[in-house]
Each structure stands twice: as structure tokens, then as C-alpha cells.
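The values are calculated or read from the model by the stated rules, or taken from the named source; none is laboratory data. If you're wondering where the values come from, they're calculated on a predicted model, not measured in any experiment. Cβ placement follows ideal geometry from the backbone for every residue including glycine, while neighbour counts extend to all protein chains displayed.
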Amino acid sequence: MKKFLIFLGALLLVLVAGIYIFIPPTIHITSATVLQTTDNGAERFIMDETKWPLWWNYLAQHNTADAKQPPALFIAGRDEYRLTDKFYKAVAIRIKHNNLVQLESKMSLIPLALDSTGVEWKCSIETGFSLYKKIDGYFNAKRIKENMDTVLANLKSFLSKNENVYGIPIEKNHLKDTLYVTAKTLISSYPSTTVIYELIKKIQAYASQNGAHQTGSPIFNVTDMGNHLQLMAGIPVDKNIAEKNGFALKHMVRGFFMITEVVGGNNAVNKASENLHQFFSDYHKTSMAMNFTMLVTDRMYQPDSSKWITKIYLPVY
């Protein structure tokens, strides 16, 4: 019996010593991940807390309890998070753990490559010198890290899709039709739908008169010429025809284009165009050739702009 008590005492002594050796007075907690997007794209969603609801619970979108939380309060597990300060490519986040412990943390963006960004999230928790506080601090740190990992997993999944980052679907593809009959006209202000289709109808009539058949949707482009705007429109055709009376043939480079499809009126199209240009800026892409808008829906026969389908093409190299 005495030997057993000595053994038990020695075991407890080793256990206590191990706790003091392996659990320091301050535990540093780090959670990290790699996002498949640019640092500028990630920055817009991390630095702006009004965008946090879009990704915070992304992997549990159907959790109605989380959906009802106040916009300024974000929850993971039993922890609450509030953005308290902003720095260069970093934010300070206050973590309230189990309604008791409040920690100051910092989430930082680390550019790794053009299309990948590291996220490092750090905080520290004090365990002190008492045995109870050390054990309690260790398990608190473990749960805090688990919740931080969950948050970053949501962020990573959300930002892995261009449609989430830029609000539009973006694909890289070839141009199907390459031979277009085109015409240009000078205008004083951005063209209305009627003005665009007036030019398209003239091109269609000219192509038909010369035995060419339209093979796809019409396109148009508006270029700022300084004192005025230039409207160019075109239709894809199945054969070469004579170039005269202001009508020209354009052999489009098959090449690659970044393409987005938009459903809605001019406001939706303009917003999508801005977002696609933001994509080009984030990825340092250059569009050396003409970009254009494709009118998939004939707007003259569909008065409901909410049903218009439009594609935006930006050539990419």
C-alpha cells in the first residue's frame, strides 16, 4: 500500500511538473490558411465588416440562428467577435470567449502570389501560475483556436469562388464567332437601347442584302473619343461581303476573353462591367484589344429589362 501511495505521489508530481513545463504562462494562439484569390480581393472582404455576413457562416448558410445575429456581432461556437481597428492589410478583432475572457487578436493578410493570399490570425491567452488556471487556460485556448479555424474555413471557401469575390460569374473562353459586319456612328451621349438597335438593324439589313446570314447575337462597343462618343455595332455572319457605305468586315481574334453573363437592365450590366474591370485590376491583366457587350436578348422585343441577358467580353492575354 505504501509503495502504491509513493507511486501515485510520484505520478502526480510528474503530471504537475509536466503541466508547468508544457503549459507556459502565456499561450500564443495562431490560425492560418491560404486563400485562392488576390490580396486586394481578400482585403475588401476582411477590412469591411459590412461584408462579413457574406462569408462568416458560409459553410452553414442554412443555419437560421446565425442568420439572425446582429450585423455588428459575429459568433463562432460560443465566442463573440467584433472588429475594433483597421491597419494596413490587417484588422484588430476582440474575441469574447464563453462570456468571460476577452482577448485582443489581429488578422493579417500576407500576399503569397498573384492568385493566392495567406491569412494569419493571432491572439494570446494568459494562464498565470496556478495549476487550475493553467489547465483551464489550455482548454480555453484549444476551443478558441478551433473557433478561429472555423471562421477561416468559411472565409477560404467563400473567397475561393470568383462569383463571390466579384459578384458575377467569370469564365475564360474563346469567341465563338469571328467574322462580323460592323458599322460606326458618332453620338453626343451614351446611346439608348433604341439608338443601339437602330444601328444594328441597319447592319442586319446590309448583311441580308448581300446574301450573308447572321450566326449569333449582335455586339456593341462605346468608345470615348474626347469631344464625342463612338458607337460601334456588329453582327456575326457566315460569309465575307463587300465593304462599302460605311459598313466593314471585322475579323475578330479568336483568342481568349474573360466573359460574364448578366441578367437585368443597364444598371446590372454597368455594375457587372465595373466588377469585371476590378477583376482585371486585381489580377494585373491587360486588355489590349476592343472589349464589347453582346446582346443575347433582343431588347426591342422584350420590354421587361429584368429578363434581359447580356454578356460582357474583355480580351485577355
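Taking region 180-200 only, how many residues are aromatic (Phe, Trp, Tyr) and either touching a residue at least 60 places away in the same chain (Cβ under 8 Å) or over 25 Å from Phe257 (Cα atoms) (or both)?
2
Identify all residues within region 201-219 that are under 23 Å from Asn266 (Cα atoms) and either touching a residue at least 60 places away in the same chain (Cβ under 8 Å) or in contact with a Lys or Arg (Cβ under 8 Å, 6 or more places away or on another chain) (or both); write none if there are none.
Passing the criteria: Gly216, Ser217, Pro218, Ile219.
Within the group Lys239, Lys271, which residue is in contact with a Gly (Cβ under 8 Å, 6 or more places away or on another chain), closer than 29 Å to Thr38 by Cβ and surrounded by fewer than 19 Cβ atoms within 10 Å (Cβ to Cβ)?
Values: Lys239 fails: closer than 29 Å to Thr38 by Cβ.
Going through Lys239, Lys271 in turn, just one is in contact with a Gly (Cβ under 8 Å, 6 or more places away or on another chain), closer than 29 Å to Thr38 by Cβ and surrounded by fewer than 19 Cβ atoms within 10 Å (Cβ to Cβ): Lys271.
Tell me, yes or no, whether region 125-148 has at least one residue that is without any contact (Cβ under 8 Å) to a residue 12 or more places away in the chain, among the small types (Gly, Ala, Ser) and not in a helix (DSSP H, G or I). Spell out the reasoning first.
Pass one, region 125-148, residues without any contact (Cβ under 8 Å) to a residue 12 or more places away in the chain: 130, 132-133, 136, 139, 142.
Next cut, among the small types (Gly, Ala, Ser) only: 130.
From what's left, not in a helix (DSSP H, G or I): 130.
Scanning region 125-148, I find at least one residue that is without any contact (Cβ under 8 Å) to a residue 12 or more places away in the chain, among the small types (Gly, Ala, Ser) and not in a helix (DSSP H, G or I), so the answer is yes.
Take the residues in region 275-317 that are part of a loop (DSSP other than H, G, I, E, B) and either under 19 Å from the mean Cα position of the chain (by Cα) or hydroxyl-bearing (Ser, Thr, Tyr) (or both); name whichever of them is modelled with the highest pLDDT. Working first, answer last.
Initial filter on region 275-317 (part of a loop (DSSP other than H, G, I, E, B)): 283-291, 296-304, 308, 317.
Those left that are additionally either under 19 Å from the mean Cα position of the chain (by Cα) or hydroxyl-bearing (Ser, Thr, Tyr) (or both): 283-287, 297, 301, 317.
Details: Tyr283: 93, His284: 91, Lys285: 89, Thr286: 85, Ser287: 78, Thr297: 96, Tyr301: 93, Tyr317: 77.
Of everything passing the filter in region 275-317, Thr297 is modelled with the highest pLDDT.
Does Val262 satisfy the criteria of being farther than 21 Å from Tyr206 by Cα, assigned to a strand (DSSP E or B) and in contact (Cβ under 8 Å) with a residue 40 or more places away in the chain?
On the way: farther than 21 Å from Tyr206 by Cα: yes; assigned to a strand (DSSP E or B): yes; in contact (Cβ under 8 Å) with a residue 40 or more places away in the chain: yes.
Criteria met by Val262.
Can Asp177 be described as more than 21 Å from Gly265 (Cα to Cα), touching a residue at least 40 places away in the same chain (Cβ under 8 Å) and surrounded by fewer than 19 Cβ atoms within 10 Å (Cβ to Cβ)?
On the way: more than 21 Å from Gly265 (Cα to Cα): yes; touching a residue at least 40 places away in the same chain (Cβ under 8 Å): yes; surrounded by fewer than 19 Cβ atoms within 10 Å (Cβ to Cβ): yes.
So Asp177 fits the description; yes.
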